[in-house]
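Here is the structure we will look at, set down as C-alpha cells.
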Amino acid sequence: MESNTNASKEELIETIEFLKEENSKTVDELMEKLRSIEGEQLKTNISNRQLEGKIKELKGEINSFKKTPLILATVTEVFDNKQVGIQGAVGHEFLVNYPGSIDKELLQPGARVALNQKNLGVVNVFPAKKDADITAMEIEEKPDVTYEDIGGLDHQIVEIKETVELPITNPEIFEEIGIDPPKGILLYGPPGTGKTLLAKAVANKTNATFIKIVASEFVNKFLGEGARYVRQVFDLAKEKSPAIIFIDEIDAIGTERTASSEGADREVQRTLMQLLAELDGFDSRGDVGIVAATNRPDILDEALLRPGRFDRAIQVPNPNKESREKILEIHTKRMKLDDNIDFENISEITEGLSGADLKAVCTEAGMFAIRAERKKVISKDFLDAIDKIMTNIRIT
Ligand code: ATP
C-alpha cells in the first residue's frame, strides 16, 4: 500500500517537473515573439517618424512654390546704415536695405543675396562664393584608412603603390631609370567597391592631404566656374603638398565630347579642358598624386586616357567570394560575435554585394542584435541583415 503511494507521488513529481519545463519553454518562446514584435514596432515607429518628417518637408516645399520668386544678386559694398550695394545679373548696381534679422557677418562683398521683387529689400543672404568652393571639396589632413582596411583588392593596391605612392615617396627611382611615372590613375568599377578607400589609403601611406572633389557636384554647383574651380583645386593641392587629389565621378566632366557646344555642354567642356591643361602642366615626380574614379569608363573622352594623363586604368570590381570573406572580417573586427558564425557561408550567399553593401550587412546585423537586447551578434542577425540589404538592393 505504502509503495503504491510512493510510486504515484514520484509520478506526480515527474509530471510537475515536465510541466515546469514545458512552461518555461513556452515562456521563452513567447518572450522571443514579444521581442520580435517590439522590434517590428520600433521599425514602424522609425519609419512613421521619417514619413512625418518627409511630409513636413514636402509641405514646406509646396509653400515655397506658392511664393513670388526672389531676385539673386551679389553684394558689392556694405554700408553702416543697414544698406548694401548690390549688383544684379544684368550688371546694374542698386543701393538696397536689409533688415536687422539678416546675419551681418555673412553680408560681405561677394556674398549672394536674395531680394524681394517689389522693393529689392534683402530677404536672405548666402555666404560668399569662396566659402562655397571650400565646402564643395572634402579635405582630410591624413586619412586614417590604411591598406589593411581594404579587403581583397591586392592587385589594385600593388598598382596604386607603384603609380601613386612611389613617385611621391621615391621620385629618384624614376629619375635614375629615366622614365616619367604615370600622372594620374583612373579607378573604374561599380559603386561601393573601394575606389575612395584606395585613394585614402595611399594618402595615409604618403602622409598626404586628401582632397576629394565630386565632378558631377561642381558642374551643377558652379555652372560657369568649373574651370576656375579646377585651377583652384590644383593650386590648393600644391599648397598643401604632399597631397592626393581624388576626382570622383570624373565622367561628369570627362564624357566624350559631342558635336553640340551649347550652354551647359560648352561649360562642361571648358572644365574638362582646364583639367587636361592642369594635367599637362603637372610634374608627375612631384608630391601631388591624382586619382580619378568612375562607374562609366565606356563613356570617357579618349583625351583623358592619353599618355601623360590618366594613362593607367585599373578595374575595381565587385568582390569575389574570397574577397567578400576578407571584407566581412574587416568590418566585424570590432563587433562582439557569437562563436558559431559561419563567414564562409555568409560570403557564399552574398554574391553580387559590393564592399559597401557588406559593410551595411555588418551594421544591420549589429542593429538586429541591439533590438533583440542581446550582447552578441548571432548567425541569425547576419541572415536577417543579408535579407534586408538584398531586398533593398532589389527595390532600388
Ligand atoms: P563610389 O563609386 O560610389 O564612390 P567607391 O568605390 O569609392 O564608391 P568606397 O567609398 O571606397 O566606394 O566604399 C564605401 C564604403 O564601403 C567604404 O567606406 C568601406 O567601408 C566599404 N568598402 C567598400 N569596398 C571595400 C573593400 N574592398 N574593403 C573594405 N571595405 C570596403
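The values are calculated or read from the model by the stated rules, or taken from the named source; none is laboratory data. Predicted model, so just to flag it, every value in this text is computed and none were measured. Please note: Cβ atoms are built from the backbone with ideal geometry, for glycine as well, and neighbour counts cover all protein chains shown.
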Problem - segment 284-304, subset within 23 Å of GLU162 (Cα to Cα) and among the charged types (D, E, K, R), residue farthest from the chain's Cα centre (by Cα) - result: ARG285
Handout entry: Filter result for ILE370 (outside the structural domain of ALA199 (by TED's automatic domain parsing), part of a helix (DSSP H, G or I), over 21 Å from LEU197 (Cα atoms) and within 15 Å of the ligand (Cβ to nearest atom))
Key = no
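When you go through PHE310, PHE343, PHE282 one by one, which is the residue that is aromatic (Phe, Trp, Tyr), free of Cβ contacts under 8 Å to residues at least 60 places away in the same chain and either in contact with a Lys or Arg (Cβ under 6 Å, 6 or more places away or on another chain) or surrounded by 15 or more Cβ atoms within 10 Å (Cβ to Cβ) (or both)? Walk me through how you get there before you give the answer.
Working: PHE310 fails: free of Cβ contacts under 8 Å to residues at least 60 places away in the same chain; PHE282 fails: free of Cβ contacts under 8 Å to residues at least 60 places away in the same chain.
Being aromatic (Phe, Trp, Tyr), free of Cβ contacts under 8 Å to residues at least 60 places away in the same chain and either in contact with a Lys or Arg (Cβ under 6 Å, 6 or more places away or on another chain) or surrounded by 15 or more Cβ atoms within 10 Å (Cβ to Cβ) (or both) holds for just one of PHE310, PHE343, PHE282, which is PHE343.
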Fill in the blank from the handout: Checked segment 76-128 for anything polar (S, T, N, Q) and within 19 Å of SER64 (Cβ to Cβ); matches are SER101, ASN116, GLN117, ASN124
Practice task
Could you tell me whether segment 175-196 includes any residue that is near the ligand (Cβ under 9 Å from one of its atoms) and part of a helix (DSSP H, G or I)?
Solution key: yes
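Is it true that VAL113 is modelled with pLDDT under 85 and hydrophobic (A, V, I, L, M, F, W, C)? Let's see the steps before the verdict.
On the way: modelled with pLDDT under 85: no; hydrophobic (A, V, I, L, M, F, W, C): yes.
No; evaluated as a whole, the condition is false for this residue.
Please indicate, with yes or no, whether at least one residue in segment 7-20 is under 46 Å from the mean Cα position of the chain (by Cα), at pLDDT below 85 and surrounded by 10 or more Cβ atoms within 10 Å (Cβ to Cβ). First the steps, then the outcome.
Step one: filter segment 7-20 for residues under 46 Å from the mean Cα position of the chain (by Cα), giving none.
No.
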Exercise for the section: Please give the number of the condition ALA313 fails out of (1) closer than 30 Å to LEU272 by Cα; (2) more than 12 Å from the ligand (Cβ to nearest atom); (3) assigned to a loop (DSSP other than H, G, I, E, B). Expected result: (3)
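Picking from LYS161, LYS212, LYS200, which residue would you name as being away from the ligand (no atom under 11 Å from the Cβ) and in the same structural domain as VAL288 (by TED's automatic domain parsing)?
LYS161
Out of ARG334, ARG324, which single residue is within 14 Å of the ligand (Cβ to nearest atom), surrounded by fewer than 18 Cβ atoms within 10 Å (Cβ to Cβ), modelled with pLDDT of 85 or more and basic (Lys, Arg)? Can you show your working first?
Details: ARG324 fails: surrounded by fewer than 18 Cβ atoms within 10 Å (Cβ to Cβ).
Testing whether each residue is within 14 Å of the ligand (Cβ to nearest atom), surrounded by fewer than 18 Cβ atoms within 10 Å (Cβ to Cβ), modelled with pLDDT of 85 or more and basic (Lys, Arg) leaves just ARG334.
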Problem - Unique residue being surrounded by fewer than 14 Cβ atoms within 10 Å (Cβ to Cβ) and on the phi > 0 side of the Ramachandran plot when the list is GLY192, GLY100, GLY178, GLY152 - result: GLY178
